[in-house]
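The values are calculated or read from the model by the stated rules, or taken from the named source; none is laboratory data. These numbers were taken from a predicted model, which means no experiment stands behind them. Because the Cβ atoms are built from the backbone with ideal geometry, glycine has one as well, and the counts that use them run over all protein chains shown. Ligands, DNA and RNA are stripped out before the accessible areas are found, and what is left, the full protein with its side chains, is counted by its heavy atoms. Shrake-Rupley method; radii C 1.70, N 1.55, O 1.52, S 1.80 Å.
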Amino acid sequence: MDSTLSELLVQEGGMIPEDVKECGALALDSDQGLDRLLVTKGFLSEPEMLKLMAKYLAYPFHPDLRDADVPTNFVDRVPVHMARTFNLVGVEQVDGTMMVATCAPFDLHPVDDVATTLGMEVDVVLAPKAEITSLINRAYKTKADVVEETLSGLDMDDLIRVDDNMEEGEDLLDTSNKAPLIKLVNMILFQALKMRASDVHIQPYVDKLQVRYRIDGVLYDMEAPPKKYQDAFVSRIKVMGKMDIAERRLPQDGRATLRIGENDVDVRISSIPTTYGERIVMRLLDKSARVYRLGEIGLDKFNEDILRTYVQYTHGVIFVTGPTGSGKTTTLYGALTEMNSSDKNVLTIEDPVEYNLSGISQVQVNAKKGLTFAAGLRSFLRQDPDIMMIGEVRDGETADIAIRAALTGHLVLSTLHTNDAASAVTRMLDIGVEPYLVASSVLLCIAQRLVRVICPKCKELVDPELELLKSIQSVGLELDQFPDRRVAIGRGCDYCFDSGYVDRTALYEMLPVDEHVRVRVMDRSGASIIKREAIQRNALRTLRMDGLNKVLAGTTTIEEVLRVTQKDDI
C-alpha cells in the first residue's frame, strides 16, 4: 500500500498501523478493493472513506447530491442499466467535460466506458452509494419505465420460486446476484425512503398492481407492475415480513428490518384480502432519522415558551393529542431530548419504538406476551423513574395508572386521540377517571396537525388571483396583512415532484390547565365550553389561528391550513 495513503488512514482515519497493513494485505489477496474493505470491516463509514480517498486522489467529494441536476445528454446516451450496475451518474457538465459521481474510487474502468459512450472527457467526483442511486432514480424516472426494465429478466421460474431466505437487516442497495423480482421490491422500498415516504401501498386492481407512496401525508401513484406478477410480488413482501404466503384469505401482520447503506429501517407490513387480490401496506420507520428538538418542530415563540415551562415541572401529566400521523410522537421526543440528562431516570413504553434515544430506557409493547401499556406502567413505578412517556392512553386502566403516577411525584407524557386540546381533558372523564384526579394532575393539553411546507426551490410571492383572494378573506385575513400584499405559493418543480411542497411542519393548540379549567373540569363541563372560555381570555390559540400565522409568514398555504383544521366555533 502506498505510504501516503497509509499515513492518511492513520492520521485522519483514526486507524492503527497494524490494521492498515492487514487491510492492505487482504485487498491484495481478495477481489474486494481496499475502499470496500475499510467499510465492510468497520474501520470507516462510507462517507469517511470517500472523504479520505478524495483527499488522497485529489477528487472532489460530494456528500449530498440532492441539489444535483443530471445533464440531459447523460440521461439520453447512458443506458439506465449501465448507470445502475456501475453506480455512476453525471452531476454536472463544464466546458465539454462531464463530471461523473462514483462510490468506487479505484474502479475506473466503468468511468472509461461511460466516457466512450458519451464521446467526451469525463472527470471523477466521489459520492455515497445511496446518493448516487437516488439521483439515478430521479434522473431516469421520466425516460425509462423502471418497472419494465427491472422485470425484463423475469421468467416463469422466478414467478414460481420466491426466495424464502430473507436476511435480517438486508441491504436495499445490495442488488448484486438478486433475482429481478427481489430487485424490484428493493428498488420500490429504496425509492420510497429517498422520497421521504411514510407508507408504501400495494393496491391490486382488475388489470394492474398499483404502487402508491404517502409523502408528507398525501398519497401519490407511482409504479404499476403488470398484473401477472402480482402473486409473486406480494409473496416476496410476505416473505420479508415472515408471514404465511399460503394464507390469502385472512388479514396478516408482519415486520422486517432492512438496511439502506448504513441506516436501519423498520418495516411494518399489513395485508388484507380484497376482491382483486391481497392489498399490502408497509409503514416505514427510518431508525436513523434524527430526533427533532423543540425549536425545530414548528413551535412559534408563544407556544414554545408554554411547552418549555411545563416540561420543567417535576410532576403532572402532559397530553399531546391528534389523529394518527399528526406528529405527536415527534413532539414528545422533542420534549424528552430537552429533559434527558444524567441526573434523571427517563423511561418510555411505546408501540412501536419509533426512534432510538440515547440515555433513555425504551420498552416495546408486546400484547401477545402480556406487556401492555398498563402492565408496563406498573413495572415502571418500581424502577424509580423521574419522567415516563406512554405511547398512548387507550383505556381507563392505563389512564388511571398514569394519573396516579403523576400524583405520586412523576412527570408523565402521553398521547391521546382527540380532535382538540380541550377534548383531552373531557376524554379522561369519559373513560372513567374522577374529575378531582384530572383537575389535580393534568398540566397541559396540546393538539397538533401537520401541514406541508412550501417548496423552497419553487417558492414564489404572487399577487393573488380572485379564487385565492376569496380563500384568504373566507378565513378572516386581509391582503394588507401580507408583506407587500403578496402571497407565497409553490409553483411545482422536480425537487418537490411538482407538488409545490417539501416536508411538513406542525400547527399547535396549547391549553394550560389553570384554575379556570380546573373549575370547569370539576363541574364536568363540555370541551367546547372550556375551549371558548380559554380563547376569550387569551389563554389558548387554536390550530386554525396558528395555521393562519404560518400562512402570513409564508411557511405554508391557505389550502393546507383549510385541509387540516376546522373553523373555530367561538
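Which of the helices (runs of 4 or more DSSP H) contained wholly in the range 415-489 include at least 3 residues that are under 30 Å from PHE319 (Cα atoms)?
Filter on the range 415-489 gives 421-430, 435-441.
Does LEU189 qualify as being open to solvent by 10 Å² or more (accessible area, probe 1.4 Å), within 28 Å of PRO63 (Cβ to Cβ), in a helix (DSSP H, G or I) and touching a residue at least 60 places away in the same chain (Cβ under 8 Å)? Break it down into steps so the answer makes sense when it comes.
On the way: open to solvent by 10 Å² or more (accessible area, probe 1.4 Å): no; within 28 Å of PRO63 (Cβ to Cβ): yes; in a helix (DSSP H, G or I): yes; touching a residue at least 60 places away in the same chain (Cβ under 8 Å): yes.
The answer is no for LEU189.
Go through the range 346-394 residue by residue and tally those that are touching a Lys or Arg at 6+ places or on another chain (Cβ under 8 Å) and either part of a helix (DSSP H, G or I) or buried (at least 18 other Cβ atoms within 10 Å of the Cβ) (or both).
Total satisfying the criteria: 3.
Here's a check for you: in the range 269-310, which residue that is open to solvent by 70 Å² or more (accessible area, probe 1.4 Å) and under 16 Å from the mean Cα position of the chain (by Cα) is farthest from TYR355 (Cα to Cα)?
Applying the filter and picking the extreme gives GLU296.
I want to confirm something. Restricting to the range 120-148 and keeping residues that are crowded, with 16+ Cβ neighbours inside 10 Å and more than 23 Å from ASP107 (Cβ to Cβ), which single residue is modelled with the lowest pLDDT?
VAL146
Looking at LEU209, LEU219 in this structure, which one is touching a Pro at 6+ places or on another chain (Cβ under 6 Å) and outside any helix (DSSP H, G or I)?
On the way: LEU219 fails: touching a Pro at 6+ places or on another chain (Cβ under 6 Å).
LEU209 is the lone residue from the list that is touching a Pro at 6+ places or on another chain (Cβ under 6 Å) and outside any helix (DSSP H, G or I).
Starting from residues that are without any contact (Cβ under 8 Å) to a residue 60 or more places away in the chain and of a type outside the set (Ser, Thr, Tyr), keep the ones in the range 210-227 and report whichever is farthest from VAL281 (Cα to Cα).
Going residue by residue through the range 210-227, those that are without any contact (Cβ under 8 Å) to a residue 60 or more places away in the chain are 210-214, 219, 221-222, 227.
Narrowing the set further to residues that are of a type outside the set (Ser, Thr, Tyr) leaves 210-212, 214, 219, 221-222, 227.
On the way: GLN210: 12, VAL211: 10, ARG212: 9, ARG214: 10, LEU219: 12, ASP221: 14, MET222: 14, LYS227: 18 Å.
That would be LYS227.
Here is a check on your reading of the model: is ARG196 closer than 23 Å to THR133 by Cα, in contact with a Ser or Thr (Cβ under 7 Å, 6 or more places away or on another chain) and open to solvent by 20 Å² or more (accessible area, probe 1.4 Å)?
no
Is one or more of the residues making up the range 50-67 within 19 Å of GLN11 (Cβ to Cβ), charged (D, E, K, R) and in contact with a Phe, Trp or Tyr (Cβ under 9 Å, 6 or more places away or on another chain)?
Yes, the range 50-67 contains at least one residue that is within 19 Å of GLN11 (Cβ to Cβ), charged (D, E, K, R) and in contact with a Phe, Trp or Tyr (Cβ under 9 Å, 6 or more places away or on another chain).
How many residues are over 30 Å from ARG449 (Cβ atoms) and open to solvent by less than 40 Å² (accessible area, probe 1.4 Å) when one looks only at the range 199-222? So that I can check it myself, show each step before the final result.
Restricting attention to the range 199-222, the residues satisfying the condition of being over 30 Å from ARG449 (Cβ atoms) are 204-209.
Now narrow it down to the ones that are open to solvent by less than 40 Å² (accessible area, probe 1.4 Å): 204, 209.
The qualifying residues number 2.
Take ARG279 and decide whether it is closer than 30 Å to ALA422 by Cα and among the basic types (Lys, Arg).
Details: closer than 30 Å to ALA422 by Cα: no; among the basic types (Lys, Arg): yes.
No; evaluated as a whole, the condition is false for this residue.
Out of ILE530, ILE535, I need the residue that is in contact (Cβ under 8 Å) with a residue 40 or more places away in the chain, out of contact with any strand residue (DSSP E or B) (no Cβ under 7 Å at 6 or more places or on another chain), open to solvent by less than 60 Å² (accessible area, probe 1.4 Å) and β-branched (Val, Ile, Thr). Which one?
Exactly one of ILE530, ILE535 is in contact (Cβ under 8 Å) with a residue 40 or more places away in the chain, out of contact with any strand residue (DSSP E or B) (no Cβ under 7 Å at 6 or more places or on another chain), open to solvent by less than 60 Å² (accessible area, probe 1.4 Å) and β-branched (Val, Ile, Thr), namely ILE530.
Which of the residues belonging to the range 395-409 are of a type in the set (A, V, I, L, M) and open to solvent by 10 Å² or more (accessible area, probe 1.4 Å)?
ILE401, LEU407
Determine whether the range 332-342 contains at least one residue that is among the small types (Gly, Ala, Ser), touching a strand residue (DSSP E or B) at 6+ places or on another chain (Cβ under 9 Å) and touching a residue at least 40 places away in the same chain (Cβ under 8 Å).
yes
If I ask for residues that are among the charged types (D, E, K, R) and in contact with a helix residue (DSSP H, G or I) (Cβ under 6 Å, 6 or more places away or on another chain), which ones from the range 208-238 would you list? Before the answer, list the steps.
Residues of the range 208-238 among the charged types (D, E, K, R): 208, 212, 214, 216, 221, 223, 227-228, 231, 236, 238.
Listed by number, the residues that qualify are LYS208, GLU223, ARG236.
Select from the range 1-47 the residues that are of a type in the set (Asp, Glu) and more than 24 Å from ALA58 (Cβ to Cβ) and write down the one among them that is most open to solvent (accessible area, probe 1.4 Å). Step through it out loud before you land on a result.
From the range 1-47, those of a type in the set (Asp, Glu) are 2, 7, 12, 18-19, 22, 29, 31, 35, 46; that's our starting set.
Cutting the leftovers down to more than 24 Å from ALA58 (Cβ to Cβ) gives us 18-19, 22, 29, 31.
On the way: GLU18: 121, ASP19: 40, GLU22: 93, ASP29: 133, ASP31: 163 Å².
For the range 1-47, the residue satisfying everything is ASP31.
Collect the residues in the range 311-326 that are farther than 28 Å from ILE215 by Cβ and open to solvent by 40 Å² or more (accessible area, probe 1.4 Å), keeping them in residue-number order.
If the condition is that a residue be farther than 28 Å from ILE215 by Cβ and open to solvent by 40 Å² or more (accessible area, probe 1.4 Å), then GLN312, TYR313, THR314, HIS315 are the ones that fit.
Can you name the residue in the range 530-570 that is within 20 Å of GLU515 (Cα to Cα) and in a loop (DSSP other than H, G, I, E, B) and, of all such residues, is farthest from the chain's Cα centre (by Cα)?
ARG537
Sort out which residues of the range 512-526 are assigned to a helix (DSSP H, G or I) and either under 14 Å from PRO435 (Cβ atoms) or of a type in the set (D, E, K, R) (or both), and write them in order of number.
Result: GLU515, VAL517, ARG518, VAL519, ARG520, VAL521, MET522.
Look at ASN549 and say whether it is open to solvent by less than 80 Å² (accessible area, probe 1.4 Å), over 30 Å from ASP69 (Cα atoms) and among the polar types (S, T, N, Q).
yes
For the range 318-360: of the residues being in contact with a Cys (Cβ under 9 Å, 6 or more places away or on another chain) and hydrophobic (A, V, I, L, M, F, W, C), which is farthest from ALA447 (Cα to Cα)?
ILE318
Taking the range 71-90 as the search range and keeping residues that are surrounded by fewer than 22 Cβ atoms within 10 Å (Cβ to Cβ) and under 27 Å from the mean Cα position of the chain (by Cα), which one is modelled with the lowest pLDDT?
Per the criteria, the residue is ARG84.
Does the range 94-110 hold any residues that are more than 28 Å from the chain's Cα centre (by Cα) and surrounded by 17 or more Cβ atoms within 10 Å (Cβ to Cβ), and which are they?
Correct list: MET98, MET99, VAL100, ALA104, PRO105, PRO110.
Mind telling me which of the residues THR102, THR85, THR97, THR72 ends up being over 30 Å from PRO180 (Cα atoms) and either in contact with a strand residue (DSSP E or B) (Cβ under 7 Å, 6 or more places away or on another chain) or among the polar types (S, T, N, Q) (or both)? Reasoning before the result, please.
Values: THR102 fails: over 30 Å from PRO180 (Cα atoms); THR85 fails: over 30 Å from PRO180 (Cα atoms); THR72 fails: over 30 Å from PRO180 (Cα atoms).
Answer to the check: THR97.
From the list LEU477, LEU540, LEU469, which residue is closer than 26 Å to THR331 by Cβ and either touching a residue at least 24 places away in the same chain (Cβ under 8 Å) or of a type outside the set (Val, Ile, Thr) (or both)?
Answer to the check: LEU540.
Answer yes or no: is there a residue in the range 465-475 that is touching a strand residue (DSSP E or B) at 6+ places or on another chain (Cβ under 8 Å) and not basic (Lys, Arg).
Yes, some residue in the range 465-475 is touching a strand residue (DSSP E or B) at 6+ places or on another chain (Cβ under 8 Å) and not basic (Lys, Arg).
Are there any pairs, at least 6 apart or on different chains, whose C-beta atoms fall under 6 Å, with the first in the range 61-77 and charged (D, E, K, R) and the second in a helix (DSSP H, G or I), and if so, which?
ARG77/THR117; ARG77/LEU118
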